[in-house]
Each structure stands twice: as C-alpha cells, then as structure tokens.
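One structure is given below, represented as structure tokens, and several questions about it will come after.
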Amino acid sequence: MSLVALSELLGATVRDASGTVRGRVREVAVAPQEHPTRIAFLIVNTPDGERVLPASSLKSSGPTVRAVDNSAEWDRYSASDGVLLLKRDLLDQQIIDVHGRKVVRVNDVELDSTPVNGHINLSVIAVDVGARGAIRRLTKGVVPAFTMRALLERIPPRVIPWQYVDLLETDPARRVKLKIVYEGLSKMHPADIADIVEDLPPAEREAVFETIDEEVAAEALEELDPRVQVSIVESLDDERAADIVEEMDPDAAADLLEKLPEVRSGQILKEMEPEERIEVTQLLEFGRNTAAGRMTTEFVSVGDDGTVVDAIEALRRFEGSREAVATIYLYDVAYKITGAVPLVKIALATPATRLAELREEAVTCPPDTPDDEVAGLFDKYNLVTLGVTDEHERLAGIITADDVITMLRHAK
C-alpha cells in the first residue's frame with residue numbers, strides 16, 4: 001500500500017499506454033452506489049475536451065498518472081448527479097468528524113494506491129484536516145518535491161479516517177441521488193449533535209436536519225438554542241418540519257411553535273398527524289411561562305388498585321420520553337391523582353405487589369403556577385417529575401427535570 005494525496009493527483013500529467021502526454025487530471029470521482037470509498041474514474045482535461053479515465057485503467061498515480069490503454073478508448077465526460085467529486089465536494093468544505101464530535105475543514109484527501117492484476121486500485125482512506133495538507137497545496141509547483149517531503153516529515157499528521165466522516169451536502173438534488181446519509185452523526189448523543197450544528201452555517205444546518213432520522217432530529221432540535229431552533233425550522237419545508245416536530249416532546253414542540261410566526265406555525269400544525277396536533281394545540285393555549293406551558297401531556301399513570309405487573313405493562317406501552325417514565329402516577333375511579341410510585345420501587349418489587357403499598361405522596365401544582373414556583377418545587381422536594389393537575393385534581397401533564405434545567409438555562 002502507498003499513499004497518494006488528492007492535491008498531488010490534481011493537475012498531474014496523464015500519459016496513455018504509449019507514453020504520450022494526453023492531458024492533466026481535473027477531478028477525481030467516487031460513485032457511492034458502486035463503492036463508498038473506491039475511486040471510479042479520473043476526469044482528464046485533454047486538447048479535445050474532458051475525458052473519463054476509468055480507475056481500472058490506471059497503471060500508476062502521483063505527479064504523473066499512467067494509463068494501461070490509449071486515450072482513444074476514454075469516453076467523453078458528462079456531468080452526473082450520482083457522483084462525488086473529491087475536489088468539488090471535499091476540498092475546503094466543512095465536514096463532521098463524528099469521532100471527535102466537531103466540525104472541521106478539509107485541506108486534502110489521502111488515497112490508498114494498491115497494485116491489482118497489472119493496474120492500481122485507488123481508495124479514499126482519510127481526510128487531512130491539519131497543516132500538512134494546507135502546506136502541500138500552497139507550495140505545490142513552487143517548492144521542489146524532495147524539499148517538500150523533508151518539510152512535511154517535520155509536521156505531525158492530522159487526519160480523520162474516512163469511516164469517521166459525515167459529509168455535509170447542501171445541494172438537495174445531489175444529496176438524494178448520492179444517498180450520503182449521516183450514519184455516524186445519527187448515532188451520537190443529541191446534545192453532541194446540537195453542539196456540532198451550532199458551529200455550522202445556516203445552509204449546512206438545514207442539510208443535517210433534512211437528512212437525519214426524524215426522531216434523532218427532534219431530540220437534537222430540543223437541545224439547541226431557541227433562536228437556532230427557529231432558524232432551522234423556518235428553513236425546512238412544511239412537511240419535513242412537521243415530521244420532526246411530531247417526534248418532539250409535546251411541551252418542547254409547543255414552545256418551538258410559539259416562537260414561530262403564526263402563519264408558519266399554522267402551516268406546520270396542518271401537516272402534523274391529528275393526535276400530535278391536538279396535544280400541541282392544547283398546550284399552545286396555556287401561558288408560556290407557567291406550569292401548563294412547560295408540561296408534557298405524555299406520562300405514565302395506572303389505577304391505584306393495580307399491581308406492579310400493571311405498571312410494567314403501562315411502561316411497555318409508553319412511547320414518550322425517557323425522562324417521563326421516572327414516576328408512575330396513580331389515580332382512583334374518578335381519575336383523581338392519589339399518589340406516585342418512583343420507577344426504582346417498581347424495579348425492586350415483586351410482580352404481585354400492590355401499587356398502593358409502594359405509593360408516595362404526589363407533589364403537584366396548578367396549571368397557572370409560574371416558572372419560578374415550579375423551579376422552587378423541584379428544588380424543595382428534589383423532584384424528578386412534577387405533576388400538573390386540573391381543577392378536578394386530575395393529572396393534566398407533568399414537568400420533567402430536564403425541562404426545568406432548560407428553562408433555567410434560557411432564563412440566564
């Protein structure tokens with residue numbers, strides 16, 4: 001195996017099988033549908049136009065590229081949507097280093113050149129985000145090759161293996177056809193995704209939220225600064241925005257839509273599924289800085305005459321946030337709240353244990369309780385969740401500790 005830098009290939013002299021100079025390399029292409037890392041062909045500028053030199057016809061690569069066939073066999077180049085062009089789509093572009101959890105700029109690309117049956121295979125193995133790549137490009141054609149090698153040996157490499165790279169594709173047409181998905185990004189914690197997104201310019205932020213899974217996008221969106229949230233949602237089309245908002249906790253979705261212009265929030269609500277739309281619309285009717293405005297309507301509740309088995313079954317059916325399952329609320333035949341059971345007690349009890357035996361007092365507040373009093377209740381009782389009850393003492397929703405942390409952070 002030997003390494004070849006993309007900057008070395010670009011502008012390299014191309015010779016055909018007879019040794020005759022036929023042109024210079026303009027671009028290096030990958031066809032992701034065929035292979036995610038292997039070079040498919042080079043685009044060569046020749047006296048009679050741009051030609052495609054297939055990677056299977058490469059005999060050697062570097063400052064000089066040699067082919068195993070004659071240029072008469074090279075097809076004319078025509079642009080294709082299904083191709084990743086390394087110079088156009090990588091050099092000087094921002095990418096996500098999913099291993100280092102940060103956004104970086106590409107200075108060069110490292111390729112592996114491996115001999116195979118009389119020709120070579122070229123594959124992308126890493127991107128150079130350090131000084132070596134930048135210096136190599138800046139001094140190309142100015143500093144002699146042997147001097148360059150001596151200089152680069154003194155500079156520590158800073159590269160990211162290709163498997164840890166997620167591309168930022170801002171052209172929707174190319175993004176769909178290339179099928180470059182943010183697989184590594186989608187596996188990261190939503191808070192880390194949010195940190196990365198906040199470092200990106202608006203166009204790249206939109207590209208991320210257009211592509212990643214709706215559930216991941218929703219969780220990441222909840223972690224963002226409110227102003228960035230609004231900017232991203234306003235950049236998306238109504239259907240995509242609705243798909244993401246549907247996956248958010250109802251309280252977070254209501255908070256977000258309240259910050260949007262009324263016409264825009266109405267368009268998004270119209271695209272949402274009826275059940276989610278009703279939940280969010282109800283929350284929008286409450287005061288923003290009150291318990292009802294902070295609560296989520298997704299919680300776990302069980303009749304107070306039930307057992308641990310009933311609580312476990314309710315937990316299995318629950319599709320809300322992880323934070324909401326910390327407390328199971330109990331109600332009587334009139335659906336009035338009668339107590340609460342921490343999740344840890346459910347985990348430690350036997351299946352036949354009656355929930356009434358595990359019951360603790362449920363700390364609750366009315367819907368119009370202001371934010372500062374909500375925060376005070378969490379502090380006083382060391383709460384994980386706080387119940388919000390209506391005038392009939394029925395549970396209307398809950399506030400979770402992460403909601404209070406977000407509230408306090410944004411209040412600063």
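Across the range 256-412, how large is the tail of the calculated P(r) beyond 18 Å, expressed as a percent of all Cα pairs?
Summing the P(r) tail past 18 Å for the range 256-412 gives 61 percent.
So, in nm, how far is label Ser80 from label Lys336 when the simple model puts each one 7 Å beyond its Cα toward the Cβ?
7.3
Starting from 0 in steps of 10 Å, tell me what percent of the Cα-Cα pairs of the range 245-323 lands in each bin.
So the P(r) values, bin by bin, are 17, 42, 26, 12, 2.
When the Debye formula is applied to the Cα atoms of the range 74-163, each taken as the same point scatterer, what base-10 log of I(q)/I(0) results at q = 0.11, 0.13, 0.25 Å⁻¹?
Each listed q corresponds, in turn, to -0.41, -0.57, -1.26.
Which loop GluC sites (Glu not before Pro) in the range 248-328, with loop taken from DSSP, have no more than 11 other Cβ atoms within 10 angstrom of their Cβ?
Glu285, Glu319
To the nearest 10 square angstrom, what accessible area does Val384 show with a 1.4 Å probe?
80
With no solvent and one point on each alpha carbon, what is the Debye value of log10 I(q)/I(0) for the chain at q = 0.07, 0.08, 0.14 Å⁻¹?
-0.50, -0.61, -1.15
Between helix 226-235 and the chain, what is the angle of the helix's C-alpha long axis to the longest principal axis, kept within 0 to 90° and rounded to the nearest 10?
That works out to roughly 60 degrees.
Charges only on Cβ, +1 for Lys and Arg, -1 for Asp and Glu: so what's the dipole of the range 1-99 about the Cα centre, in debye to the nearest 20?
For this selection, approximately 320 debye.
Report ³J(HN,Hα) in whole Hz for each residue of the range 395-402, in order, from the Karplus equation J = 6.51 cos²θ - 1.76 cosθ + 1.60 where θ = phi - 60°; Gly and Pro get x.
6, 8, x, 9, 10, 9, 4, 5
Compute the angle between helix 371-381 and the longest alpha-carbon principal axis of the chain, please, reported from 0 to 90 degrees and rounded to the nearest 10.
80
I need the semi-axes of the equivalent ellipsoid of the range 1-102: take the C-alpha gyration tensor, multiply each eigenvalue by 5, square-root it, list largest first in whole angstrom.
26, 15, 12
With +1 on each Lys and Arg Cβ and -1 on each Asp and Glu Cβ, and nothing else charged, work out how big the dipole of the range 215-286 is about its Cα centre, in Debye to the nearest 20.
400
Could you compute the FRET efficiency for Gln163 and Glu214, with r as their C-beta to C-beta distance and R0 at 30 Å, rounded to 0.05? Show your work: numbers first, answer last.
Working: r = 25 Å, r/R0 = 0.82.
After rounding, the FRET efficiency stands at 0.75.
Here's a follow-up. At 10 °C and 1.306 mPa s, what whole-number value in µm²/s does Stokes-Einstein give for the translational diffusion of the range 82-130, with Rh from the Kirkwood sum over Cα pairs?
This corresponds to a translational diffusion coefficient of 130 µm²/s.
Using DSSP to call loops (not H, G, I, E or B), can you name the GluC sites (Glu not before Pro) in the range 1-108 whose Cβ has at most 16 other Cβ atoms within 10 angstrom?
Values: sites: Glu8, Glu27, Glu34, Glu50, Glu73; in loops: Glu34.
Sparse-neighbourhood loop GluC sites (Glu not before Pro): Glu34.
Would you please name the chymotrypsin sites (Phe, Trp or Tyr not before Pro) within the range 245-326 that are DSSP coil residues with at most 16 other C-beta atoms within 10 Å of their C-beta?
Answer by residue number: Phe318.
A further question follows. Rounded to whole Å, give me the distance from the Cα center of the range 26-84 to that of the range 197-253.
Centre-to-centre (Cα) distance: 38 Å.
Give the Debye-formula value of log10 I(q)/I(0) at each listed q (0.18, 0.19, 0.30 Å⁻¹), with one equal scatterer per alpha carbon of the range 13-72, two decimals each.
Log-scaled intensity ratios, in q order: -0.56, -0.62, -1.33.
On to the next question. Keeping all protein chains in place and using 1.4 angstrom, which order do Tyr77, Tyr381 fall into by accessible surface area, from largest down?
Tyr381, Tyr77
How much length is gained on full extension from Asp368 to Asp92, taking 0.36 nm per residue of separation minus their Cα-Cα distance? Don't skip to the answer; put the middle values down first.
Working: separation 276, 0.36 × 276 = 99.36 nm, distance 5.24 nm.
Once the chain is fully extended between Asp368 and Asp92, it gains 94.1 nm.
A further question on this structure: In the range 345-412, what percent of the accessible surface is made up of carbon and sulfur (1.4 Å probe, ligands and nucleic acids excluded)? Before the final figure, lay out each step's value.
On the way: 2100 of 4070 Å².
Answer for the range 345-412: carbon and sulfur cover 52 percent of the accessible area.
Structure shown: which of Lys59/Lys102; Lys102/Lys259; Lys59/Lys140; Lys102/Lys380; Lys102/Lys345 lie over 31 Å apart, alpha-carbon to alpha-carbon?
As for pairs spanning more than 31 Å Cα to Cα, those are Lys59/Lys102; Lys102/Lys380; Lys102/Lys345.
Which one of Ser265, Gly303, Ala291 is farthest out on the positive end of the charge dipole of the range 260-318, using unit charges on Cβ (Lys, Arg +1; Asp, Glu -1) and the Cα centre as origin?
Ser265
Nearest 10 degrees, 0 to 90: what angle lies between the long axis of helix 274-284 and the longest principal axis of the chain (Cα atoms)?
Tilt relative to the chain: about 70 degrees.
Skip the ligands, DNA and RNA, and give the accessible area per residue of the range 356-412 with a 1.4 Å probe, whole Å².
59
Here is a follow-up. Once label points are set 7 Å from the Cα along Cα→Cβ at both Thr114 and Thr37, what is their separation, rounded to one decimal in nm?
Simple spin-label model gives 0.8 nm for this pair.
Report the charge-dipole magnitude of the chain in Debye, nearest 20, computed about the Cα centre from +1 at each Lys and Arg Cβ and -1 at each Asp and Glu Cβ.
Dipole about the Cα centre, nearest 20: 3300 debye.
Evaluate Rg over Rh across the range 319-399, taking Cα atoms for both radii and Kirkwood's formula for Rh. Intermediate values should be presented prior to the final figure.
Working: Rg = 13.1 Å, Rh = 13.5 Å.
Value, to two decimals: 0.97.
For all pairs of alpha-carbon atoms in the range 309-348, what percent lies in each bin of width 5 Å, listed from the first bin to the last filled one?
Pair shares across the bins are 6, 21, 30, 28, 14, 2.
With each pseudo-label sitting 7 Å past Cα toward Cβ, what's the Glu357-Ile155 distance in nm, one decimal?
That separation, rounded to one decimal, is 7.1 nm.
So, one more: Which residues in the range 270-299 place their backbone N less than 20 Å from a point set 7 Å from the Cα of Arg394 along the Cα-to-Cβ direction?
Within reach of a label on Arg394, which here means backbone N under 20 Å from a point 7 Å along Cα→Cβ, the range 270-299 contributes 275-287, 291-299.
Please work out the C-alpha center-to-center distance from the range 5-25 to the range 305-346 and express it in whole Å.
70
The values are calculated or read from the model by the stated rules, or taken from the named source; none is laboratory data. Nothing here was measured: the structure is a model prediction, and the numbers come from that model. Note that each Cβ is placed from the backbone with ideal geometry, even for glycine, and that neighbours are counted across all protein chains shown. Calculation scope for accessible area: heavy atoms of the full protein, side chains included, ligands and nucleic acids excluded. Shrake-Rupley method; radii C 1.70, N 1.55, O 1.52, S 1.80 Å.
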